[in-house]
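In what follows, a structure is listed as structure tokens, so that the remarks can point back to it.
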Amino acid sequence: MQFADLIVAWQKNHGRHHLPWQNTQDAYKVWLSEIMLQQTQVATVIPYYERFLAAFPTIHSLAAASRDEVLALWAGLGYYARARNLHKCAQAVVTQWQGEFPRQAQDIMSLPGIGKSTAHAIAAFCFGAKTPIMDGNVKRIFTRYYGIEGQTNKREIENRLWEQARENIERADKNLDMPAYTQGQMDLGATVCSRSKPKCDACPLQASCYAYRENRQAELPTPKTRKAVPVRSVNMLVLQHQDRVLIQQRPEQGIWGGLWSLPEFHDEQALQSLQNDWQQAQQTAIKLAAFEHVFTHFRLHIQPYWLKCSHLPLREENGNPDRHQWLPLEQLETTALPAPILKLLQGVHQFSGTGDLLGS
């Protein structure tokens with residue numbers, strides 16, 4: 001049997017069959033799962049996927065939603081550009097494709113936030129297209145099985161992997177079950193040909209696998225060059241009036257794009273300026289415990305300060321020209337807040353009535 005046929009046979013007997021986005025050819029559901037699964041573990045994705053579909057059961061309902069509604073459901077899943085592009089893509093499908101995903105991979109790739117592998121996966125799963133995919137799981141299988149060295153994010157290596165993927169489909173049985181083959185590669189990489197401690201004895205490809213034969217599983221794929229992880233620092237202000245805190249919407253570009261967070265400042269002078277802005281010059285901000293949040297390319301050191309408002313600042317009467325709002329603490333879980341900011345404000349909510357946090 002050829003490479004692809006072996007994986008199909010294995011998937012039907014040993015692969016995953018009960019994930020919530022399986023056993024469907026609904027392109028909306030497949031697309032949603034593919035976007036959520038980018039750089040995120042299955043166990044983490046499942047509850048988000050189910051809540052998202054409950055709120056937006058169709059692509060029309062997603063397209064009609066506000067960006068804040070979408071981001072609120074995505075909060076905590078990370079990589080927020082995915083959520084913004086998800087919303088834009090839904091609107092594009094509705095306005096440009098009459099609410100139906102295009103059937104050709106090239107057309108699917110033209111939509112916001114959809115890359116080559118995701119487009120090919122949708123075409124294979126939903127429309128039976130004989131087209132390959134190339135996500136992290138597949139790259140790991142291919143580099144080990146064929147002994148392909150070199151960093152997989154380099155264009156030369158990635159082109160070689162895509163070429164091999166197309167060749168595998170051409171060599172397979174003409175009646176190749178594309179959904180099973182596509183899912184099988186994902187399943188094999190996730191459950192057997194894992195990054196560490198691969199279960200080679202359970203692998204249907206073991207007999208012809210280069211890495212198994214040469215005992216090079218730990219060396220392939222070729223590790224990416226490690227760089228020192230920089231640390232950035234930021235001061236944040238928790239400005240509280242009774243049961244509400246001041247939040248502001250972040251710009252679309254940069255970390256936590258489009259989400260709501262806390263006002264930031266660089267030094268004591270900037271903090272004083274913030275206090276003056278919100279008519280709290282007579283108050284003194286209390287320094288809270290600092291903490292770190294880890295991103296893909298850096299660590300963020302967050303130093304929060306807490307400042308209590310005895311009355312609602314007059315600036316509240318002027319609307320939200322700079323995207324500020326006073327958020328009731330009881331609405332934290334339904335607001336598009338980054339995970340570390342949500343956790344911080346949950347602590348404020350929990351202890352603000354006791355004086356333990358606030359020193360009053």
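Observations on the model:
- Positions within the range 13-63 being loosely packed, with under 15 Cβ neighbours inside 10 Å, more than 23 Å from Glu100 (Cα to Cα), out of contact with any Asp or Glu (no Cβ under 8 Å at 6 or more places or on another chain) and of a type outside the set (Gly, Ala, Ser), in sequence order: Asn13, His17, His18, Gln39, Gln41, Thr44, Pro47
- Taking the range 201-259 as the range and being aliphatic (A, V, I, L, M) and in a loop (DSSP other than H, G, I, E, B) as the test, the residues that pass are Leu205, Ala218, Leu220, Ala228, Val229, Ile255, Leu259.
- When Ile59, Ile7, Ile35 are checked against the criterion of being of a type outside the set (S, T, N, Q) and within 17 Å of the chain's Cα centre (by Cα), Ile35 stands alone in meeting it.
- Odd one out for Ile7 among (1) more than 19 Å from Gly257 (Cβ to Cβ); (2) touching a Phe, Trp or Tyr at 6+ places or on another chain (Cβ under 7 Å); (3) free of Cβ contacts under 8 Å to residues at least 40 places away in the same chain: (3)
- Leu262 being in contact (Cβ under 8 Å) with a residue 60 or more places away in the chain and over 16 Å from Leu300 (Cβ atoms): no
- Just one residue in the set Asn159, Asn175 is over 30 Å from Glu292 (Cβ atoms) and assigned to a loop (DSSP other than H, G, I, E, B); that residue is Asn175.
- For the range 180-187, the criterion of a residue being farther than 30 Å from His266 by Cβ, at pLDDT 95 or above, touching a Cys at 6+ places or on another chain (Cβ under 8 Å) and not assigned by TED's automatic domain parsing to the domain that holds Pro304 is satisfied by no position.
- Beta carbons closer than 6 Å, at least 6 apart along the sequence or on distinct chains, pair a first residue in the range 187-202 that is closer than 21 Å to Pro223 by Cβ with a second that is of a type in the set (S, T, N, Q) and in a loop (DSSP other than H, G, I, E, B) for Pro198/Gln217.
A quick yes/no check of all residues on (1) aliphatic (A, V, I, L, M); (2) under 23 Å from Gln331 (Cα atoms):
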site	(1), (2)
Arg226	no, no
Ser261	no, yes
Phe265	no, no
Ser273	no, no
Leu288	yes, yes
Arg299	no, no
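- Search result, residues across the range 32-61 that are closer than 15 Å to His87 by Cα and among the polar types (S, T, N, Q): Ser33, Thr58, Ser61
- Flag set for Ala121, criterion: in contact with a helix residue (DSSP H, G or I) (Cβ under 6 Å, 6 or more places away or on another chain), surrounded by 18 or more Cβ atoms within 10 Å (Cβ to Cβ) and of a type outside the set (Asp, Glu).
- From His324, His349, residue being at pLDDT 80 or above and over 26 Å from the mean Cα position of the chain (by Cα): His349
- Test for Ala81: is it surrounded by fewer than 16 Cβ atoms within 10 Å (Cβ to Cβ), on the phi < 0 side of the Ramachandran plot, assigned by TED's automatic domain parsing to the domain that holds Val45 and touching a residue at least 40 places away in the same chain (Cβ under 8 Å): yes
- Residues of the range 150-173 that turn out to be in contact (Cβ under 8 Å) with a residue 24 or more places away in the chain and within 21 Å of Cys203 (Cα to Cα), as a count: 7
- Some residue of the range 264-274 being part of a loop (DSSP other than H, G, I, E, B), surrounded by 14 or more Cβ atoms within 10 Å (Cβ to Cβ) and either modelled with pLDDT of 75 or more or of a type in the set (Gly, Ala, Ser) (or both): no
- Those residues of the range 127-162 which are within 20 Å of Leu188 (Cα to Cα) and among the aromatic types (Phe, Trp, Tyr), in sequence order: Phe142, Tyr145, Tyr146, Trp162
- Of everything listed in (1) farther than 27 Å from Lys224 by Cα; (2) buried (at least 16 other Cβ atoms within 10 Å of the Cβ), the single unmet condition for Thr152 is (1).
- Residue satisfying all of: in the range 238-255; surrounded by fewer than 22 Cβ atoms within 10 Å (Cβ to Cβ) and within 27 Å of the chain's Cα centre (by Cα); nearest to His293 (Cα to Cα) among these: Ile255
- Subset of the range 155-178 [among the basic types (Lys, Arg) and crowded, with 16+ Cβ neighbours inside 10 Å]: Arg160
- Count of residues meeting criterion [surrounded by fewer than 17 Cβ atoms within 10 Å (Cβ to Cβ), under 20 Å from Lys29 (Cβ atoms) and not basic (Lys, Arg)] in the range 97-110: 6
The values are calculated or read from the model by the stated rules, or taken from the named source; none is laboratory data. What you see is a predicted model; the values in this text were computed from it and never measured. Using ideal geometry, Cβ is built from the backbone for each residue, glycine included, and neighbour counts are taken over all protein chains shown.
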